[in-house]
Amino acid sequence: MGRHERRFWDGRLQVSRAAQSSDPARECFDAFVPHPINGWEPDLRADTWRQVSMAAERCADLADATRSRPLAAEWLLDRSESIASSTIEEIRPSARRVARAEAQLELFSEMPPTAEMQALRNVAATQRAMEMAAAGTDLSVAGLCEMHATLMGEHDPIAGRIRDRQNWIGSGALGSPLEARHVGPPPEFVDGLLDDLVAYVNRDDDLTIVRAAIAHAQFETIHPFPDGNGRTGRALIQFMLRRDEVMGDGALPVSAALMLHKERYFDALDEVRVVCPADDPGRSRGYRPWIELLAQATAHACTLRGRLIEHVNALSQRWADQARQAGIRSSSAAAKLLDALPLHPVVTADSASALLSVDLRTAQRAVARLSKIGILEQRSAGRRNRVFECGDMMDAFTESVREQPASNLTLSAPVRTPGPSLPDRGGEAAQRRHLSRVTE
């Protein structure tokens, strides 16, 4: 909720200014300036509060069930949330390509293709938001800028920089604010609105889901950066859920739920942007659809999170059974690598060596043994790089970001048979030679 500022658009210079009475009407537009949110409490219906309470209870139950032990599914949860957030912005690389691009970047220091790199930076931005929240410090405008800089990359000139020009959403054919779906506040209002926003985020109460909804809508309305606002705004939701301990380690895949109702999500944010006085009851009415949608998305995300955790735990148990049947001792490097796979599903012999703190030869044998029983598979990461990936985790990753309800998530997966990537004969020496060739 807020008010309009009448502005004139100079199409030649691509800038705006306050409108004057002599300006042609066809070259003027209304920029939306939202009311401050710190100190405001929405008046919500009982049905809305019921949905918020149910979502909060789902979060609490799930957090209690997983807080006492390490979260094996953390890698999967963080990437599922981030890839879904990218998909909302029509950045759609496949889950497997993102995982291999991550290996290409981290293990070989090679730059992946653009779409995959955008998705990886979104993963990094989500993780940075949760790291900041876990540290227990209050959010600052500088912290928001840091999330955005992580998303955009250090070489992007707009990374972490608050806009100093007019921006808008959905410009139609003109590429200007004259026919835009939403025009954010003029740049001179942005700093004050961001100060108000972070003060609101840092409030200490039990209404995290409601505050996350209001803060996200306010952030998207301000649209403080030239680009990347949607993904940064969804990272802000993760920050608030983690800071208020609504969820423990690993993201809550809210974006995966919002992705299923993308148009409803955008429409609900539009409904927030109604011109009215700050104390008008219509302000609360405008927020209700979005608060209800986020509550529903949060409950859905809890279902998806729970099922992914169960799935990874079931995979770990199945791998342990396969390893035991293959005669792999629980104290061996291969067994220790098996335990590490949920958090490191793509490895090389070199990375396994560092991960397990063992010499390269021991790591090569561990990778070879897990490949022989079908848990690891040789794949390409880039043009010449060879990695070994856990196909079961890649399948789970692909399924977790599929555009379908969480209730359809496939949890049953057949035991994988060994592929042809490693020789069946020749003993350990031959396997070491093979691994040396593919990991150099």
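Where residues in segment 128-139 are among the small types (G, A, S) and closer than 14 Å to A235 by Cα, which of them is surrounded by the most Cβ atoms within 10 Å (Cβ to Cβ)?
Applying the first criterion (among the small types (G, A, S)) to segment 128-139 yields 129, 133-136.
Those left that are additionally closer than 14 Å to A235 by Cα: 129, 133-134.
Values: A129: 29, A133: 20, A134: 14.
This residue is A129.
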Revision key, fill the gap. Turns out the helices (runs of 4 or more DSSP H) fully within segment 140-232 with at least 3 residues that are surrounded by fewer than 16 Cβ atoms within 10 Å (Cβ to Cβ) are 190-201
Check your understanding: Restricting attention to segment 247-261, and to residues there that are surrounded by fewer than 22 Cβ atoms within 10 Å (Cβ to Cβ) and farther than 20 Å from R402 by Cβ, which single residue is farthest from the chain's Cα centre (by Cα)?
Key -> G248
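Which one is surrounded by the fewest Cβ atoms within 10 Å (Cβ to Cβ) among residues in segment 354-403 that are of a type in the set (S, T, Y) and touching a Leu at 6+ places or on another chain (Cβ under 7 Å)? Even if it seems obvious, please write down each step before you answer.
Taking segment 354-403 and keeping what is of a type in the set (S, T, Y), we get 357, 362, 371, 380, 398, 400.
Within this subset, residues satisfying the condition of being touching a Leu at 6+ places or on another chain (Cβ under 7 Å) are 371, 400.
Details: S371: 21, S400: 25.
Checked segment 354-403; the qualifying residue surrounded by the fewest Cβ atoms within 10 Å (Cβ to Cβ) is S371.
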Check your understanding: Which is in contact (Cβ under 8 Å) with a residue 60 or more places away in the chain, out of contact with any His (no Cβ under 6 Å at 6 or more places or on another chain) and acidic (D, E), of D43, D64?
Key -> D43
Review point. For segment 88-101, what are the residues that are assigned to a helix (DSSP H, G or I) and either buried (at least 20 other Cβ atoms within 10 Å of the Cβ) or aromatic (F, W, Y) (or both)?
Key: A95, V98, A99, R100, A101
Review point. How many of the residues making up segment 108-139 are in a helix (DSSP H, G or I) and touching a residue at least 12 places away in the same chain (Cβ under 8 Å)?
Key: 20
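Does segment 29-59 hold any residues that are part of a strand (DSSP E or B) and in contact with a Gly (Cβ under 9 Å, 6 or more places away or on another chain), and which are they? Before the answer, list the steps.
Step one: filter segment 29-59 for residues part of a strand (DSSP E or B), giving 29-34.
Matches in segment 29-59: A31, F32, V33, P34.
Here, each number is a calculation from the coordinates, and none is a lab measurement. Predicted model, so just to flag it, every value in this text is computed and none were measured. Ideal geometry is used to build each Cβ from the backbone, glycine not excepted, and the neighbour counts take in all protein chains shown.
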